[in-house]
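The values are calculated or read from the model by the stated rules, or taken from the named source; none is laboratory data. Computed from a predicted model, the values in this text were never measured in an experiment. Heads up, the Cβs are rebuilt from the backbone with ideal geometry, glycines too, and the neighbour counts pull from every protein chain shown. Areas reflect the complete protein model, heavy atoms only, side chains present, ligands, DNA and RNA absent. Shrake-Rupley method; radii C 1.70, N 1.55, O 1.52, S 1.80 Å.
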Amino acid sequence: MQSAICNCLYTIEAIPGKSHGLIAATTIAKGTRILSEFPLFKVPKGGNSKKRVRDSISDKVAVLPEEQRQTFLSLHNSFEDEDGPVLGRVRTNALPLGSNATMGGIFLESSRINHSCNPNAQNTWNDNLQKLTIHAIRDISKGDEITIFYLTARRNRSARLRALQTDFCFTCSCSLCSLPLDQRKTSDERWDEIHRLDSSIGSGTGILSAPLQTLHDVHKLLDLVHDEGFADASVPRAYYDAFQIAITHGDIARARVFAERAASTREILEGNDSPTVQRMKSLATNPTQHLAHGLSQKWRTTGDDVPKELANDEFERWLWRENTTQVSQYADLRSETAFPLFDDLPEENDISLEFYESTDGFSYRPRKHWCFLAEIIDVENFMRLRLIVKDKAGRKVPIAFYTESRGLEVDPSYIQEGFTVAILYAEQHGFLDLSVGIRHENPTAIKIVPLPLDELLTLSDKVQQYATELKGVRTCQGCNQKAATLKKCSRCGFFWYCDKSCQIAGWKEKGHKADCKLLKDPDLQRLFLMKWNVFEDYYRFGMTV
Ligand SMILES: C[S@@+](CC[C@H](N)C(=O)[O-])C[C@H]1O[C@@H](n2cnc3c(N)ncnc32)[C@H](O)[C@@H]1O
């Protein structure tokens, strides 16, 4: 069959078991516009009575020029018996005119494109052009069939097979559906997880109530999409989701990067004349024009805050707000996930899904551990102990002791300006005098470390640098050499040395004497050793304040 509008990138050919389809006549590079086409006519999608749709379509077909009418009648019809020659062809061949469109279109060329669950092309309705465009989403070799994805949802193999059979009357035997059993299982698990994440992100509720969790879900979804080898619209859509999370919380720096990625990945699928691509580019230039900007200032950054010097991995960790706490053997006290700033703590009367989860829909429990760190800058002791503290961002807030002994349980030698307070599972509390701070009730939830906050964070940096093992190798705290054969400090068990002379250098010249004393405290050790992202039960300090 000869193509009417062929630009020589493809031919329409008979394909066994599929009637006809498009075959690449040459190598087609990823991002190439394979074709763009006006609809022969538009049709309403679903919702209408069959008779009304049939009548309106019959009218449209009747007024087509004879040649076009014949071409329409030559299109494949999978529903001839059920719906007759006209409606049957419309059901078989209509392509959506937009992602949530109520209209579909019949196309003389594009409607010849067959389905694959792992397609190499993408169909998009371009509202500016009033045309459907088909782009190569990966490199296509000469002789390969050009395929698109017919379904709206990404589901596992059996759900896909069911939907394709019901809606398009065929049994898919694409490369993904024909995988050997073990690989199919892995693929199905990925599709199920992608579907679950997609639905949870798409519900939109997490953007305000659990932005970090939702951002991490988007990242996970992108990883799965990448592992499964998809290169379709789920990628720019995920970047746009990430953009929306960032801009809702005032994070202009990350919003800009996410919008740039949404634009560049979508441009491959739709071309630079796509209205959505143009909108993404405009958002990348000025993210604040998005309506959600300013709803929260929790993550406020400026456009200049995009780091310029970071290596790829580090940049991605910055971008997705992923701290090393999850992967490193030792917690990083600078992590804002495990050690949040005051402004990021959950509010006492609100169940934040970033911090809590429910297994039965009624009761909630923490989904992770967290600990608020702040330095004492003032002490008041009228009726009850009240500390004024300063967090990692310099935010000053009161901690009022509502324990049974109103603060008398704390060793007075620890209540000193310049010492650091650690409070497990801290929440924001609104006091009657309208100030906001922490109402401390459980004596075993607090620990005071006899060290200013910045020195505690420096100690955490050293633990990251000298205690962490990477691929079997550690760094000697005495001479900074990396080796697999270092010996551990037997007192604290955190720092490692080549030999006695390095241990002496570390002890005398590099401050390990003081650090070692601090690190012998089991509560401080636990801050570094705990699995902060896995909640099994509440952790409590050992009252050694
Ligand atoms: C829009 S048409 C595609 C073009 C059609 N093959 C033709 O010859 O005109 C949709 C129909 O093509 C067939 N089809 C599409 N993809 C297929 C696939 N992967 N395997 C088998 N048949 C397929 C089904 O009959 C489906 O209802």
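Under 23 Å from Asp521 (Cβ atoms), open to solvent by 40 Å² or more (accessible area, probe 1.4 Å), free of Cβ contacts under 8 Å to residues at least 40 places away in the same chain and in contact with a Leu (Cβ under 7 Å, 6 or more places away or on another chain), is that true of Trp507?
no
Being out of contact with any His (no Cβ under 6 Å at 6 or more places or on another chain), more than 23 Å from Phe168 (Cβ to Cβ) and modelled with pLDDT of 90 or more: is that true of Arg69 here?
Yes: the conditions hold for Arg69.
Keeping to the range 519-537, report how many residues are part of a helix (DSSP H, G or I), surrounded by fewer than 17 Cβ atoms within 10 Å (Cβ to Cβ) and hydrophobic (A, V, I, L, M, F, W, C).
The number of residues fulfilling the criteria is 1.
If a residue must be under 18 Å from Gly104 (Cβ atoms) and acidic (Asp, Glu), how many such residues does the range 54-81 contain?
Number satisfying all stated conditions: 2.
When only residues in the range 95-107 that are near the ligand (Cβ under 10 Å from one of its atoms) and more than 33 Å from the chain's Cα centre (by Cα) count, which is surrounded by the fewest Cβ atoms within 10 Å (Cβ to Cβ)?
My answer is Ile106.
Just name the residue that is nearest to the ligand (Cβ to nearest atom) out of those in the range 10-22 that are open to solvent by less than 40 Å² (accessible area, probe 1.4 Å) and in contact with a Lys or Arg (Cβ under 9 Å, 6 or more places away or on another chain).
Gly21
Out of Thr166, Thr124, Thr147, which single residue is β-branched (Val, Ile, Thr) and free of Cβ contacts under 8 Å to residues at least 12 places away in the same chain?
From the options Thr166, Thr124, Thr147, the qualifying one is Thr166.
Among the residues of the range 47-67 satisfying the criterion of being in contact (Cβ under 8 Å) with a residue 24 or more places away in the chain and under 21 Å from Trp125 (Cα atoms), which is farthest from the ligand (Cβ to nearest atom)?
Gly47
Taking Phe243 as the residue in question, decide whether it is assigned to a helix (DSSP H, G or I) and on the phi < 0 side of the Ramachandran plot.
So Phe243 passes the test.
Looking at the range 175-196, I want the residues that are under 23 Å from Asp217 (Cβ atoms) and free of Cβ contacts under 8 Å to residues at least 60 places away in the same chain and have a partner that is crowded, with 16+ Cβ neighbours inside 10 Å and of a type in the set (Asp, Glu) with Cβ atoms under 6 Å, at least 6 apart or on another chain. Which pairs are those?
Listed pairs, sorted by first residue: Arg190/Glu228.
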